[in-house]
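K.L.:
Starting off with a structure, shown below.
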Amino acid sequence: LADNTENNLSDGGSSEYDGCIFSYGKLTIEGNGTLNVNGKQEDGEGIATKSCDIVINSGIINIISQDDGLNAGGSGGSITINGGTVYIKANGDGIDSNGALTINGGNVYTIGSSQGGDAGIDTDEGFVFNGGDIIALGSDMLEKPENTSKQKTICFELNTKVSSGSTVEVKNASGYTIVSFEVKEDFKTLIVSTEKVSGETLY
């Protein structure tokens with residue numbers, strides 16, 4: 001992503017491929033520009049690979065999709081986010097890895113479908129948070145990070161949905177705001193991970 005550029009990609013709504021960006025090889029995204037991805041086809045991902053890894057090192061990546069937002073599919077590709085800003089609004093899972101997911105840094109906001117059966121993060125081999133500011137929202141699926149993560153996490157599974165347009169704040173016992181954000185879709189599950197979370201990981 002070339003410096004100071006805004007790059008817009010949108011599929012035509014019907015394709016033999018599973019995503020607006022689809023790769024049969026390892027896919028790496030980096031640079032200091034912006035990438036806007038609109039996956040419009042039914043059951044189509046925003047960015048996807050077939051059994052291969054996805055690595056995001058930098059850049060601003062905005063994904064809207066009819067199915068999963070970021071998907072490493074097939075027999076087990078992994079997803080690694082080392083930096084950058086990643087925003088995902090999906091009608092499936094926000095991030096879906098048939099292998100593992102590792103987030104080492106960056107700002108990640110991912111929200112899955114509010115209709116049920118989808119999560120902000122869904123993996124087959126687990127995920128770890130080693131750094132970064134992460135918010136993951138879902139409907140009724142809550143996968144928890146591995147205890148090998150280097151960064152602490154708070155996970156909530158709520159009794160009722162929080163409505164789109166609401167402002168959510170997570171505060172510590174002293175009233176200090178750890179994270180605050182406006183909800184873009186109804187949700188019932190919430191994962192928050194940031195260096196501001198100290199003490200034990202809470203579920």
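The values are calculated or read from the model by the stated rules, or taken from the named source; none is laboratory data. None of these values were measured; they are calculated from a predicted model. We place every Cβ from the backbone using ideal geometry, glycine too, and count neighbours over all the protein chains shown. Quick note on the areas: whole protein, heavy atoms, side chains included, nothing else; ligands and nucleic acids left out. Shrake-Rupley method; radii C 1.70, N 1.55, O 1.52, S 1.80 Å.
K.L.:
Can you confirm whether segment 149-171 contains a residue that is within 23 Å of G116 (Cα to Cα), aliphatic (A, V, I, L, M), more than 17 Å from the chain's Cα centre (by Cα) and open to solvent by 50 Å² or more (accessible area, probe 1.4 Å)?
P.N.:
Checked against the condition, which is being within 23 Å of G116 (Cα to Cα), aliphatic (A, V, I, L, M), more than 17 Å from the chain's Cα centre (by Cα) and open to solvent by 50 Å² or more (accessible area, probe 1.4 Å), segment 149-171 yields at least one hit.
K.L.:
A follow-up question, please. Taking only pairs six or more apart or across chains, which ones have beta-carbon atoms under 7 Å, a first residue in segment 138-155 that is of a type in the set (V, I, T), and a second residue that is in a strand (DSSP E or B) and open to solvent by 80 Å² or more (accessible area, probe 1.4 Å)?
P.N.:
Once the first residue is of a type in the set (V, I, T) and sits in segment 138-155, its partners that are in a strand (DSSP E or B) and open to solvent by 80 Å² or more (accessible area, probe 1.4 Å) give I154/L202.
K.L.:
Could you look through segment 59-72, keep only residues that are under 17 Å from G120 (Cβ atoms) and part of a loop (DSSP other than H, G, I, E, B), and pick out the one that is most open to solvent (accessible area, probe 1.4 Å)? Can you show your working first?
P.N.:
First, the residues of segment 59-72 that are under 17 Å from G120 (Cβ atoms): 61-72.
From the residues that got through so far, the ones that are part of a loop (DSSP other than H, G, I, E, B) too are 66-69.
Working: Q66: 82, D67: 38, D68: 11, G69: 0 Å².
This residue is Q66.
K.L.:
Can you name every residue in segment 33-58 that is open to solvent by 10 Å² or more (accessible area, probe 1.4 Å), farther than 18 Å from A100 by Cβ, at pLDDT 95 or above and not in a strand (DSSP E or B)?
P.N.:
Correct list: S58 only.
K.L.:
Give all pairs with beta carbons closer than 6 Å in which a residue from segment 48-71 that is in contact (Cβ under 8 Å) with a residue 12 or more places away in the chain and of a type in the set (S, T, Y) meets a residue that is in a loop (DSSP other than H, G, I, E, B) and surrounded by fewer than 24 Cβ atoms within 10 Å (Cβ to Cβ); count only pairs at least 6 apart in sequence or on separate chains.
P.N.:
From residues that are in contact (Cβ under 8 Å) with a residue 12 or more places away in the chain and of a type in the set (S, T, Y), the pairs are T49/G77; S51/G74; S51/S75; S51/G77; S58/E30; S58/G83; S58/G84.
K.L.:
So, one more: Please specify each residue of segment 8-21 satisfying the condition of being open to solvent by less than 50 Å² (accessible area, probe 1.4 Å), assigned to a strand (DSSP E or B) and not small (G, A, S). Outline the logic, then answer.
P.N.:
Residues of segment 8-21 open to solvent by less than 50 Å² (accessible area, probe 1.4 Å): 11, 13, 19-21.
From the residues that got through so far, the ones that are assigned to a strand (DSSP E or B) too are 19-21.
Across segment 8-21, the qualifying residues are C20, I21.
K.L.:
Please work out if L142 is more than 12 Å from the chain's Cα centre (by Cα) and either surrounded by fewer than 22 Cβ atoms within 10 Å (Cβ to Cβ) or of a type in the set (A, V, I, L, M) (or both). Working first, answer last.
P.N.:
Numbers: more than 12 Å from the chain's Cα centre (by Cα): yes; either surrounded by fewer than 22 Cβ atoms within 10 Å (Cβ to Cβ) or of a type in the set (A, V, I, L, M) (or both): yes.
Answer is yes for this residue.
K.L.:
May I pose another question? With respect to S113, determine if the residue is crowded, with 19+ Cβ neighbours inside 10 Å, part of a loop (DSSP other than H, G, I, E, B) and hydroxyl-bearing (S, T, Y). First the steps, then the outcome.
P.N.:
Numbers: crowded, with 19+ Cβ neighbours inside 10 Å: yes; part of a loop (DSSP other than H, G, I, E, B): yes; hydroxyl-bearing (S, T, Y): yes.
In short, yes.
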